[in-house]
Structures are given as C-alpha cells and as structure tokens.
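The values are calculated or read from the model by the stated rules, or taken from the named source; none is laboratory data. Quick caveat: nothing in here was measured; it's all calculated off a predicted structure. FYI the Cβ positions are ideal-geometry reconstructions off the backbone, even for glycines, and counts take in every protein chain you see. These area figures cover heavy atoms from the full protein model, side chains too; ligands, DNA and RNA do not enter into them. Shrake-Rupley method; radii C 1.70, N 1.55, O 1.52, S 1.80 Å.
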Amino acid sequence: MMKRNFSPLCLISACVFFFAFGRFDALGQSLQNTGYQMPPEEVAAIVDAPATPGVSLSPSRDWMMLMNRPSLPGIIDLAQPELRLAGIRINPAVNGPSRSSHFTSLRLVNMENGEEFAVAGLPENASINSVSWSADGRRFAFTNTVTTHIELWVGSVENKNARKISDIRVNDTYYGSSISWHPSSESLYVRAVPANRGDAPVADLTPSGPVIQENIGRSAPARTYQDMLQNTHDEALFKHYFTSQILKVDATSGRYRAIGETGLIRGLSPSPNGNFLMVTFTDEPFSYTVPAFRFPMRTEIWDQNGRVVETVAQIPLQDEVPIGFNATTTGPRSITWRNDAPATVVWVEAQDEGNPRNSVDVRDIVYMQEVPFTGTPSVLARLEDRYSGIAWGHDELALVTERWFDNRNERVWRVAPENLRAGQQLVRERNYEDIYNNPGSPETRLNESGYSVLITDESGFGIYLSGAGASPEGNRPFLDRFNILDDETTRLWQSSSPYYEMVVTLLDNEAERMVVRRESRTVPANFFLANRSTGSEIALTHFAHPNPDLKDVHREVLTYERADGVPLSGTLLLPPGYNKERDGRLPLMVWAYPREFRSADAAGQRSDSPYQFNNISYWGPQWLVTQGYAVLDAATMPIVGEGDKEPNDTFIEQLVMNSEAAINAVYELGIADKNRTAIGGHSYGAFMVAHVLGNSDLFRAGIARSGAYNRSLTPFGFQREQRTLWDDTDLYITMSPFFNAHNINSPILLIHGEADNNSGTFPMQSERLYQALQGLGGTARLVMLPHESHGYRARESVMHMLWETLSWLDTYVKNAEGQTTATTR
C-alpha cells in the first residue's frame, strides 16, 4: 500500500481550509438519519440491568447505608436548561449541577447482624444527592432535587426515617458538597440561595460594544479549557447563580439562621472543635481564559456568628501558572484544618514561584498556625519535591507525602506536630510507578469531630497499610501492620483464590474486625463483616448478578510480550459456549487506552486479577461477546520513555508494536481471525485508534469515541505531554492523526457528544477529522450525540451508540471479505 506524504506546511494549510468552512452535515449519500436506534435485545438487557447500589459507612462504623441508583435517564432529562459558566455546568431552574446522577431510595444495614431497614418518609420520586453523615453517626443529611429547587433533608438512624427541613433552597452550583455537619452533630451548615435574590439578569440584545481581551508581555499559558465566560452577561449570570448565603441549621428543630456575608462561596468547613468556620470565596476580576477554580480566591476564618477572625489567604487571578505537571500557584494553597487538633490551620506555599523549571533546594513548605493567629506560623515540613498530602495521627505523628512527576519519585515523612524540634524523618522513598513494590496506603477512621485520622495500634506508632498487592500473578490485596519507629512490617491478611477481596475499613485499633469487599468470577462484589481471630463473618449485602444469562462468558487474563520484550496483558472474553475446534476463529475487538511510563519495568507490571467479577458492561467492549466476537479488553498500551527520552518521542511506533502483539496473542491461541480484527477506545483511546489505523494495516476497522485528533488545538500540552507546540512543532504534527488522515485507510466510526466539555476533546475534533476523511475519500461515519458530554448518559444515546458500533463492526469486520490485514507499514 502506497503511503501518501505531505509536508507539514501543506497539512497545516489543509487544516486551515477545513476550519474556514466550519461545520457542515454530510454523512454520505448511502447513510440516512433515522432517529435513535436500538441494539439487539440481549445487548439492551445489559444496559437495562439493575445498577449496583452505592454504599456509605457511618463514622461510628455500626451502620451501612445502601443508596439505590435508577436506570439511565432519558434524553429529555439531558435536554433540560443548562448554563455553562467558567467551566461549570448548572441547571438554572434548580440552582444546582446539570447532568448529575442521583439516588432514588436509601436503606440502612445494621453491621452487627446484617439486618436491613428501608428509610421511611423519603420524598416521592426522590432525586437524592450529597448524602452526609453526622460525626456521631446518629443522623444523616442529603439534598433532594425537585422541579424548581434543591431541598435539604435530615434523617435519623434510630427512627429509620427522614424529613424535609423547612423552606431552605440549597445552592449546589459550586464544587463539593453544600452540606457540612457541625462536629457536635446537632447542627449543620448549608450553602443556600440568598433570600430575596431576585430574577436572573437578562441579556441585552443590543451589544454595548465588542468583547476585548488584551495581553501585554505577560506569560499566561493555559491548557485547553471549555465553557469559559464569554462576556459581561456571563459574568452577571455567574455572580447571580453562584452567590450563596451560609445557614446554620438545627438538625432537630429545623430552625436556621443566616451567618456571615453572602458571596461566591466555593467552600466551607467547620473547625474540629466547632468554634470556627473556614470559608473560601471567589473574588473578582474573573477571566475568559481559565475556569472558576483559578479565579481570585479569599479564605477566611469566621467565628460561629460569621465575624471574620482571620484572613488566611487572598490569592489573585491564577492565569500565569506555568505549564507542567508539578507547576502550581504562588501563595498559600491546600488550606485545611489540622484534623487532630481543635482549631489549627494548615497550608502549603511554593518556594520556586510554582515553576518546576526553577532549581531550588526546597520547593514547598508546609505551615500551620492555631486560631486565633499570634506570632508567626510554624513550619511543619520542608519538601524537596511537590507537596501531595498529609495523613494526621496524633501530636507525635503525621505523615507528609511529596511527589515529583518527571522522575515519578515519592517520599513520605514522619513529623510530630507538637514536637517540631524532632524534625522530619524519612519513612519511605519509592518510584510510584512501581506498583509491585507499593507498600499500600494508611487505614484511617473518622474521629469524634468527623475528621479523618490514622488508625494506630496501642503503641501509637503502629499503623495499618492496605493495598492492591500487584504482582506478576495479578493483584492480591493485603493488610499490613507497619511500625514507623523500627520500620518493621507484618502481613496480617491477604486475599486468596478463588476470591478477590479488599479491606474497606477497620473496626478496631488492632485490626481484628474489619469490613471487606469480596467478589469472584461469577459473583459480584458484596460486603462482609469479618473477624480475623475467629474467622467468623456476617454478610452485609446480597447483590445479585446483574446479567445471570451471561455467567458463563469465558474470561481469562492473557500475558504476552511485544517485540522489544516489554510484558503486556489484557482480559480475553469469549462468547458463552464457544469451542474453537467446533466454531473456528472469531472476529476480534481490541479495546485499549495508552498510558505513559518512565521505565519499561514499570510498563510491564500487571494491575488485574483473574478472580475479579466478570462484569459484562455496555460501556466498554465486553457486550460484543453476545454478538459472536472475541474481546481483548484493557489491552495494555504502554508508551515508555526512559532516560532523556520522553514517551511521546516514539508514541506511534510503540502503539503499533503493542497492537500487533495483542492480535498475535489471541491468534496464537487459535481464537482470533487476523483478517477480522478491530480496535476501539474512548477519549485518549480514540486518539490511539486513529493513530493505529493511520500507521498500520493491522485492523479492519476502528471505533473512536470522544477523541482529540488535532494537537494544534491543544498547544500548551495534552495528556501527560508537558512540551508546548512551540517547543516541538514536529512532535505536535506527528501526534495529530488529523495531519495523517490521508493514511487512514481502514473504516473508522467516530462517535462524539455534542456537548463534550472535557479538556481538549472539543466536538470539533471529530467533526474536522471526519471532514478530512470525507474530502480524502476515506471510509468514515460521524455520529454526534445530542446533549451528551464526554461520557454518554441518556438511555437513547447509549442504545444508539451500541447499535452504531455493532452495525459498523458487522459490516466492516465480522462479514468483511477480500484484502487481508495484520501488516505494518
């Protein structure tokens, strides 16, 4: 096959040509728009199978809440009014998020005996969100969305019921939950719509002038964001809908009072002793180029009457943050309470101007100061790399973590918050890509104030670590006791065949009683109360197989190598009852998502288990086994860059090598037909599909959902690429399937949500690639799903996606004839 070559200049000119003519509709004369379609009945049954309930444990760990989910919403739900302001999408009718999922009912499970109770008094046609436990575990709160607003509800564990709290209208537009319990568990703080707010501003149809942005000499790079503010009317709408009033609500009587000033309140958090409230505001000026989380920010400490006690930080507009994964803002950031102290504020400040390219000995300093502030803040830790988090224990123990992206290094330090003269001691240092040697994460509990703290043994310095237990044989989750003083580790528990189990939480300080989640190949994950000493257990949930007709789908983990020796793996699924001697070779779907690594050793490590539940999902490719396809799901696609090399320097070569190895692995089992193979992926996986089809003839066809194909539209970096378009223009052209569209010879199905707001994956990305392929005489189909974002939620959209996918694969793969595949160029 002859490969057509064009110069980068010609390719960019072609890009401009396609852009200039804008969007147009032309799916090809042989294809008609016939409305939403349905896949075969057995595929639709997978979509409509009951969803597994959500699970939440009370802080006291004696009750479990099961939160039932509804089936997929209809397209009419996604078609509700929506405003897109500063990177946040809201439903103005209710003053809350648009497109949010919800729960329809609640049940309580007694963790001592497994007895289950339905919560009574719930609203009719409930749309439940933001479920939150009080610190003592005796109450819970949640929001309920109705046609015109969002209500506040409070429930009682003792009475197993819930009730609406008065006429409060919750403002749930900003990030995070709008509900925060007071540590006393007797009251809660709510972010509410201000009383007498008035009507929303109306746009003036006659503009007062042009919209102008200006930059004079400042360097203000930004990754590609969507849904930014566009004009002064957007600014007015943002202020109208995001302005809140904090209410303090009595959980028993329902009475409430307003405290503090109204404002663009993005977060609130009571101090552990309940005497103060940390409130974070968004301030002006706003920006048209970065989202709300980068707008000016002010963090204050209030007393219980809303009077300002301290101003912790006033951060200006963050539109000059350098490019890079370890880049950050200047000034105080990561401002929180110290979880194990009455009222101590903790924050971090960069010492390198937030620029990872600046060479300094100390990059971050962690500070803390008790409220009210007197004197200078104390230094908790000085970090060579970038701060990553704190796990609080007690006066003599806290664990501070730092990380650095470029070399994947991680350090954990022990500090004594009330004995700073002891300094900081290194607990461990490791490469966080090396999952085989991951020691696990500390187990925590909620203290009497409702804040997370380390679980320690009677010595105070023995902590518990749980992890996935990755190994060449697959994941085997574990629980260890680790003594920080003598660096001694003791294995207490580990998952074993034929189950895949993991620790959910510990119920005592000696790790004798714990909640585990257990699943097997044919039984979905359920929760159990287990006693390590006696071996006894109580089943807390009884979730059934969502698709019992598919229990016999064959599933196995394949391990194989690519040409340069890097180990690879994938999950092979085969149709129920398949026999290769009787049924012959099958068409094969390879589904994958590329990931970057700094070492070949890390790239080859497994992160799966042969004992996990064989869940046949509609979102990935697994459902294709019902239609006679073999599926290699989660086929690893590592992109390795060692030493001075970056992974993307050889991105395409490694993609093709990975793909060829995947096909060969299933072919050599006598299962796959090399001449009937397809490749599919979502988001960066779609990007992968276009590259593989444009640089090899390995696959008959491809399925590319919600991808980005022209990297000149993401000029300040993408995925894990930190170089800009102007740092390496050739790289950006090479990494753009759009500029290689003339070599995409296999049929490609492009599916995209019309309202995709994921960074970089504009709907235009799929539209322009389709237009290029159409202009070049390629075989392609473009499906734009109305009202859908990066993931597809409406039942009609999902069903149609499956119908399109199956129709395409049956036409160009399963029933294909003629030219052979499985060659590289």
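Can you tell me which residue in the range 716-736 is nearest to residue 766 (Cα to Cα), limited to those that are free of Cβ contacts under 8 Å to residues at least 24 places away in the same chain and part of a loop (DSSP other than H, G, I, E, B)?
Applying the first criterion (free of Cβ contacts under 8 Å to residues at least 24 places away in the same chain) to the range 716-736 yields 725-728, 732.
Checking the rest, the ones that are also part of a loop (DSSP other than H, G, I, E, B) come to 725-728.
Details: 725: 20, 726: 24, 727: 26, 728: 24 Å.
Here the answer is 725.
Within the range 771-819, count every residue that is within 27 Å of residue 79 (Cβ to Cβ), acidic (Asp, Glu) and more than 23 Å from the chain's Cα centre (by Cα).
Total satisfying the criteria: 2.
Does at least one position in the range 665-678 carry a residue that is farther than 27 Å from residue 802 by Cα and part of a strand (DSSP E or B)?
Taking the range 665-678 as the starting set, the residues that turn out to be farther than 27 Å from residue 802 by Cα are 668-670.
The next check asks that each one be part of a strand (DSSP E or B); those that pass are none.
No, the range 665-678 contains no residue that is farther than 27 Å from residue 802 by Cα and part of a strand (DSSP E or B).
Give me the residue from the range 163-181 that is touching a Pro at 6+ places or on another chain (Cβ under 9 Å) and hydroxyl-bearing (Ser, Thr, Tyr) and, out of that set, farthest from residue 198 (Cα to Cα).
The selected residue is 180.
Working carefully through the options 681, 702, 707, find the one that is open to solvent by less than 10 Å² (accessible area, probe 1.4 Å) and within 17 Å of residue 596 (Cα to Cα). Let's see the steps before the verdict.
Details: 702 fails: within 17 Å of residue 596 (Cα to Cα); 707 fails: within 17 Å of residue 596 (Cα to Cα).
None of the others qualify; the one that does is 681.
List pairs: first residue in the range 698-710 and on the phi > 0 side of the Ramachandran plot, second residue open to solvent by 10 Å² or more (accessible area, probe 1.4 Å) and small (Gly, Ala, Ser) anywhere in the structure, Cβ distance under 8 angstrom, at least six positions apart or on different chains.
Pairs that qualify, where the first residue is on the phi > 0 side of the Ramachandran plot and the partner is open to solvent by 10 Å² or more (accessible area, probe 1.4 Å) and small (Gly, Ala, Ser), are 706/683; 706/791.
For residues that are among the acidic types (Asp, Glu) and in a loop (DSSP other than H, G, I, E, B), scanning just the range 55-102, find the one that is surrounded by the most Cβ atoms within 10 Å (Cβ to Cβ).
Of all residues in the range 55-102, those among the acidic types (Asp, Glu) come to 62, 77, 82.
Still in the running and in a loop (DSSP other than H, G, I, E, B): 62, 82.
Details: 62: 13, 82: 18.
Ranking the candidates gives 82 first.
Among (1) open to solvent by less than 20 Å² (accessible area, probe 1.4 Å); (2) touching a Lys or Arg at 6+ places or on another chain (Cβ under 7 Å), there is one condition residue 598 misses while meeting the rest; what is its number?
(1)
Of the residues in the range 390-401, how many are open to solvent by 20 Å² or more (accessible area, probe 1.4 Å) and part of a strand (DSSP E or B)?
Keep residues of the range 390-401 that are open to solvent by 20 Å² or more (accessible area, probe 1.4 Å), which gives 390-391, 394-396, 401.
Those still in the list that are part of a strand (DSSP E or B) too: 390-391, 394, 401.
Going through the range 390-401 one residue at a time, the tally reaches 4.
Condition (residue is over 30 Å from residue 516 (Cα atoms), β-branched (Val, Ile, Thr) and in contact with a Gly (Cβ under 9 Å, 6 or more places away or on another chain)) applied to the range 378-396: is it met by at least one residue?
Within the range 378-396, none of the residues are over 30 Å from residue 516 (Cα atoms), β-branched (Val, Ile, Thr) and in contact with a Gly (Cβ under 9 Å, 6 or more places away or on another chain).
So which residues in the range 653-670 are more than 13 Å from residue 563 (Cα to Cα) and surrounded by fewer than 20 Cβ atoms within 10 Å (Cβ to Cβ)? Show your work before the answer.
At the first step, the residues of the range 653-670 found to be more than 13 Å from residue 563 (Cα to Cα) are 666-670.
Those that are more than 13 Å from residue 563 (Cα to Cα) and surrounded by fewer than 20 Cβ atoms within 10 Å (Cβ to Cβ): 667, 668, 669, 670.
Would you pick out the residues in the range 620-664 that are assigned to a loop (DSSP other than H, G, I, E, B) and in contact with a Gly (Cβ under 8 Å, 6 or more places away or on another chain)? Reasoning before the result, please.
Restricting attention to the range 620-664, the residues satisfying the condition of being assigned to a loop (DSSP other than H, G, I, E, B) are 620-621, 628-629, 641-646.
Hit for the range 620-664 is 621, nothing else.
Considering only residues that are farther than 23 Å from residue 520 by Cα and out of contact with any Phe, Trp or Tyr (no Cβ under 9 Å at 6 or more places or on another chain), look in the range 459-485 and name the one that is least open to solvent (accessible area, probe 1.4 Å).
Filtering first and then ranking leaves 460.
Per-residue answers, yes or no, for (1) touching a residue at least 24 places away in the same chain (Cβ under 8 Å); (2) in a strand (DSSP E or B); (3) closer than 30 Å to residue 385 by Cβ; (4) in contact with a Pro (Cβ under 9 Å, 6 or more places away or on another chain):
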residue: 471; (1), (2), (3), (4): yes, no, yes, no
residue: 490; (1), (2), (3), (4): no, yes, yes, no
residue: 496; (1), (2), (3), (4): no, no, no, no
residue: 502; (1), (2), (3), (4): yes, yes, yes, yes
residue: 509; (1), (2), (3), (4): yes, no, no, no
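If I filter the range 598-611 for residues that are touching a Gly at 6+ places or on another chain (Cβ under 9 Å) and outside any loop (DSSP other than H, G, I, E, B), do I get at least one hit?
Yes: one or more hits.
Does residue 105 satisfy the criteria of being hydroxyl-bearing (Ser, Thr, Tyr) and either closer than 16 Å to residue 58 by Cα or modelled with pLDDT under 95 (or both)? Working first, answer last.
Numbers: hydroxyl-bearing (Ser, Thr, Tyr): yes; either closer than 16 Å to residue 58 by Cα or modelled with pLDDT under 95 (or both): no.
When the stated conditions are applied, residue 105 does not pass them.
Quickly run through the range 234-271 and pick out the residues that are free of Cβ contacts under 8 Å to residues at least 60 places away in the same chain, over 12 Å from residue 191 (Cβ atoms) and in a strand (DSSP E or B).
Those that are free of Cβ contacts under 8 Å to residues at least 60 places away in the same chain, over 12 Å from residue 191 (Cβ atoms) and in a strand (DSSP E or B): 257, 261.
Out of all the residues in the range 770-787, is one or more open to solvent by less than 30 Å² (accessible area, probe 1.4 Å), touching a Cys at 6+ places or on another chain (Cβ under 7 Å), hydrophobic (A, V, I, L, M, F, W, C) and not in a loop (DSSP other than H, G, I, E, B)? Break it down into steps so the answer makes sense when it comes.
Our first condition is that a residue be open to solvent by less than 30 Å² (accessible area, probe 1.4 Å); within the range 770-787, this holds for 770-773, 780-783, 785.
With touching a Cys at 6+ places or on another chain (Cβ under 7 Å) added as a condition, the list becomes none.
No, the conditions are met nowhere in the range 770-787.
Test residue 582 against the stated conditions and say whether it is free of Cβ contacts under 8 Å to residues at least 12 places away in the same chain and either open to solvent by 30 Å² or more (accessible area, probe 1.4 Å) or among the polar types (S, T, N, Q) (or both).
On the way: free of Cβ contacts under 8 Å to residues at least 12 places away in the same chain: yes; either open to solvent by 30 Å² or more (accessible area, probe 1.4 Å) or among the polar types (S, T, N, Q) (or both): yes.
The answer is yes for residue 582.
I want to confirm something. Restricting to the range 554-579 and keeping residues that are hydrophobic (A, V, I, L, M, F, W, C) and in a strand (DSSP E or B), which single residue is surrounded by the most Cβ atoms within 10 Å (Cβ to Cβ)? Outline the logic, then answer.
Our first condition is that a residue be hydrophobic (A, V, I, L, M, F, W, C); within the range 554-579, this holds for 557-558, 563, 566, 568, 572-574.
Filter again for in a strand (DSSP E or B), leaving 557-558, 568, 572-574.
Numbers: 557: 17, 558: 16, 568: 22, 572: 21, 573: 25, 574: 22.
Of everything passing the filter in the range 554-579, 573 is surrounded by the most Cβ atoms within 10 Å (Cβ to Cβ).
Report, by residue number, each residue of the range 295-336 that is in contact (Cβ under 8 Å) with a residue 60 or more places away in the chain and not in a loop (DSSP other than H, G, I, E, B).
Within the range 295-336, 301, 309, 310, 336 meet the criteria.
Evaluate the following for residue 480: is it charged (D, E, K, R), under 28 Å from residue 611 (Cβ atoms) and either more than 27 Å from the chain's Cα centre (by Cα) or not in a strand (DSSP E or B) (or both)?
Details: charged (D, E, K, R): yes; under 28 Å from residue 611 (Cβ atoms): yes; either more than 27 Å from the chain's Cα centre (by Cα) or not in a strand (DSSP E or B) (or both): yes.
Yes.
The rows are residues; the columns are (1) at pLDDT below 95; (2) within 23 Å of the chain's Cα centre (by Cα); (3) on the phi < 0 side of the Ramachandran plot.
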{"residue": "3", "(1), (2), (3)": "yes, no, yes"}
{"residue": "16", "(1), (2), (3)": "yes, no, yes"}
{"residue": "24", "(1), (2), (3)": "yes, no, yes"}
{"residue": "51", "(1), (2), (3)": "yes, yes, yes"}
{"residue": "71", "(1), (2), (3)": "yes, yes, yes"}
{"residue": "76", "(1), (2), (3)": "yes, no, yes"}
{"residue": "89", "(1), (2), (3)": "no, yes, yes"}
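Of the numbered conditions (1) out of contact with any Lys or Arg (no Cβ under 9 Å at 6 or more places or on another chain); (2) over 25 Å from residue 789 (Cα atoms), residue 96 satisfies every one except a single condition; which is it?
Failed condition: (2).
Go over the candidates 797, 712 one by one and state the one that is open to solvent by less than 10 Å² (accessible area, probe 1.4 Å) and touching a helix residue (DSSP H, G or I) at 6+ places or on another chain (Cβ under 9 Å).
Details: 712 fails: open to solvent by less than 10 Å² (accessible area, probe 1.4 Å).
Answer to the selection: 797.
Determine the pairs where a residue that is over 13 Å from residue 686 (Cα atoms) and surrounded by fewer than 19 Cβ atoms within 10 Å (Cβ to Cβ), located within the range 754-769, has a partner that is at pLDDT 95 or above and of a type in the set (A, V, I, L, M) with Cβ atoms under 8 Å apart, the partner being 6 or more residues away or on another chain.
Short answer, once both residue conditions are applied: 754/784; 754/785.
Quick check on the range 356-388: of everything there that is under 30 Å from the mean Cα position of the chain (by Cα) and of a type in the set (Ser, Thr, Tyr), which residue is surrounded by the most Cβ atoms within 10 Å (Cβ to Cβ)?
In this case the residue turns out to be 387.
Just need a number here: residues in the range 268-286 that are open to solvent by 10 Å² or more (accessible area, probe 1.4 Å) and among the polar types (S, T, N, Q).
Looking only at that region, the number is 4.
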